1. Take the residues in region 274-287 that are within 22 Å of His331 (Cβ to Cβ) and surrounded by fewer than 19 Cβ atoms within 10 Å (Cβ to Cβ), then tell me which one is modelled with the highest pLDDT.
2. When you scan region 23-36, how many residues do you find that are at pLDDT below 95 and within 26 Å of Pro70 (Cβ to Cβ)?
3. Given Ala323, Ala330, Ala338, Ala311, which one is out of contact with any His (no Cβ under 8 Å at 6 or more places or on another chain) and within 18 Å of Leu403 (Cβ to Cβ)?
4. Output yes when any residue across region 315-322 is open to solvent by 50 Å² or more (accessible area, probe 1.4 Å), in contact with a helix residue (DSSP H, G or I) (Cβ under 8 Å, 6 or more places away or on another chain) and more than 26 Å from Gly43 (Cα to Cα), and no when none is.
5. Among residues belonging to region 73-87 that are open to solvent by 10 Å² or more (accessible area, probe 1.4 Å) and assigned to a helix (DSSP H, G or I), point out the one that is nearest to Ala18 (Cα to Cα).
6. Hey, does region 406-416 have a residue that's under 26 Å from Val40 (Cα atoms), assigned to a helix (DSSP H, G or I), touching a residue at least 40 places away in the same chain (Cβ under 8 Å) and not aliphatic (A, V, I, L, M)?
7. When you look at Ser421, is it in contact (Cβ under 8 Å) with a residue 24 or more places away in the chain, in contact with a strand residue (DSSP E or B) (Cβ under 6 Å, 6 or more places away or on another chain) and in a helix (DSSP H, G or I), yes or no?
8. If I ask for residues that are hydrophobic (A, V, I, L, M, F, W, C) and part of a helix (DSSP H, G or I), which ones from region 307-329 would you list?
Amino acid sequence: MPARAISTRLPFEQQTHAVERRLLILAGLFLTINTISLSVLRGSLSDWIHLLVWIGCAVTAHVLLNWRLPGRDPILLPLAMFVAGWGLLVISRLFPAFADRQTVWLIVATLILLIVGWLRDLLRVMRAFRYTLLFGGLAVLVMTILLGVNPGDPTGVLGAPTLWIDLGSFYVQPSEALKIILVVFLASYLAEQYPALRAEELDAPRRRFSLSPRIFGPILLMWTISVVILVWQRDLGTAILFFLVFLTLLYVASGYTPLLLSGALLVIGAGLLAYQLFDVVRLRIDIWWNPWLDADGRAYQIVQSLMAFAAGGVFGQGIGQGAPLSIPVAHSDFAFAALAEEWGLIGVIVIVGVQAVFAVRGLRIAISQRSKPFQTLLAVGLSSMIAVQTLLIMGGVLKLIPLTGVTLPFLSYGGSSLVVSFAITGLLLRLSHGESS
């Protein structure tokens with residue numbers, strides 16, 4: 001009798017680990033090649049320190065997550081680390097001192113990701129204490145309104161939005177942490193209302209959808225938070241981001257399509273009202289409509305951004321070869337434009353593709369958890385937060401929509417943004433592993 005064939009197929013967990021490891025190696029090769037190019041131009045050792053720190057964070061996260069979350073999604077961590085490392089290169093190219101700070105924040109962000117992955121009962125605790133988290137987040141938001149500062153305008157002479165809290169040697173942006181808090185709260189609340197929402201949809205498909213208190217309550221809450229952020233902090237991007245993600249969650253929970261249309265009308269109405277009331281909103285809409293009327297003045301930033309995209313062409317100028325420093329705040333709000341100039345259309349396609357895949361993998365996790373409403377809504381909310389924020393800043397930098405001022409997740413300079421993005425990644429990894437709550 002012929003000998004029975006011996007299967008050489010690896011267990012699922014080992015295959016997952018191998019895929020993640022290969023992707024991290026590819027990301028490391030890309031960063032190493034670009035670090036060599038940048039260090040040859042500048043002769044600086046700091047770029048190699050940044051790369052070594054990135055390698056240490058990537059290896060540590062991979063090894064520890066293999067132990068704690070063996071059944072996790074193998075794509076999310078490499079994507080997050082790849083874009084974060086690319087962001088370090090962009091920031092180091094523009095402002096080396098800021099890159100040193102971002103490297104420290106990368107260590108902190110990786111630590112937060114591991115903590116999120118390590119705590120087995122984290123989601124259960126967050127769900128149980130959702131009101132405590134909500135009111136704590138709102139209290140910090142009020143504190144930011146009263147005591148907030150702007151690092152670029154510490155004296156307040158320029159009237160810039162005060163979105164940060166000064167903690168001495170560094171600044172934090174509480175609205176970043178509020179993103180996760182609100183998603184957890186809404187996912188938990190809507191999960192409890194999920195049977196009633198779906199029953200109303202199935203039992204009376206021809207009846208008009210009634211805004212009962214259980215639905216009207218969170219709508220009023222989110223609208224109030226968005227208006228407060230818009231009015232007192234003049235943070236158009238965060239206000240729109242919160243409300244759009246909330247509408248997505250409400251639509252997924254209820255399945256009622258007119259909610260999306262109603263939400264779009266509310267966003268447009270709020271934008272028109274803000275245009276009449278706030279100079280910063282009026283400025284952003286005016287320069288979006290026609291930046292060439294004041295290309296050397298108020299629209300200088302967006303015009304330089306468009307020129308950077310044009311100068312990059314298909315293959316880019318090459319790292320260190322372009323002139324992205326002509327774009328104000330190129331390391332933060334306009335990091336996407338700086339990337340486009342030196343890596344060209346190919347770099348743009350890659351970064352857009354990576355962010356899109358990240359969002360799709362998050363939605364795939366939501367589908368895999370569809371029998372558990374809370375996990376499903378949480379995965380949808382976290383994925384939508386990254387996707388909507390990416391679309392808002394990319395669209396603004398390309399002048400497809402008015403500039404909103406949010407950061408590009410993982411890539412732009414900003415410790416608060418990086419830490420929250422990695423925390424979202426950690427939550428998605430835990431959900432993909434099959435977290436129960």
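The values are calculated or read from the model by the stated rules, or taken from the named source; none is laboratory data. The shown structure was predicted, so the numbers you read here are calculated from the model rather than taken from an experiment. FYI the Cβ positions are ideal-geometry reconstructions off the backbone, even for glycines, and counts take in every protein chain you see. Areas reflect the complete protein model, heavy atoms only, side chains present, ligands, DNA and RNA absent. Shrake-Rupley method; radii C 1.70, N 1.55, O 1.52, S 1.80 Å.
1. Among residues in region 274-287 that are within 22 Å of His331 (Cβ to Cβ) and surrounded by fewer than 19 Cβ atoms within 10 Å (Cβ to Cβ), the one modelled with the highest pLDDT is Leu283.
2. Here the count works out to 0.
3. Within the list Ala323, Ala330, Ala338, Ala311, the selection yields Ala330.
4. No, region 315-322 contains no residue that is open to solvent by 50 Å² or more (accessible area, probe 1.4 Å), in contact with a helix residue (DSSP H, G or I) (Cβ under 8 Å, 6 or more places away or on another chain) and more than 26 Å from Gly43 (Cα to Cα).
5. Leu79
6. No; the residues of region 406-416 include none that is under 26 Å from Val40 (Cα atoms), assigned to a helix (DSSP H, G or I), touching a residue at least 40 places away in the same chain (Cβ under 8 Å) and not aliphatic (A, V, I, L, M).
7. Here the answer is no, as Ser421 does not meet what is asked.
8. We begin by selecting, within region 307-329, every residue hydrophobic (A, V, I, L, M, F, W, C); these are 307-311, 314-315, 319, 323, 325, 327, 329.
Correct list: Met307, Ala308, Phe309, Ala310, Ala311, Leu325.
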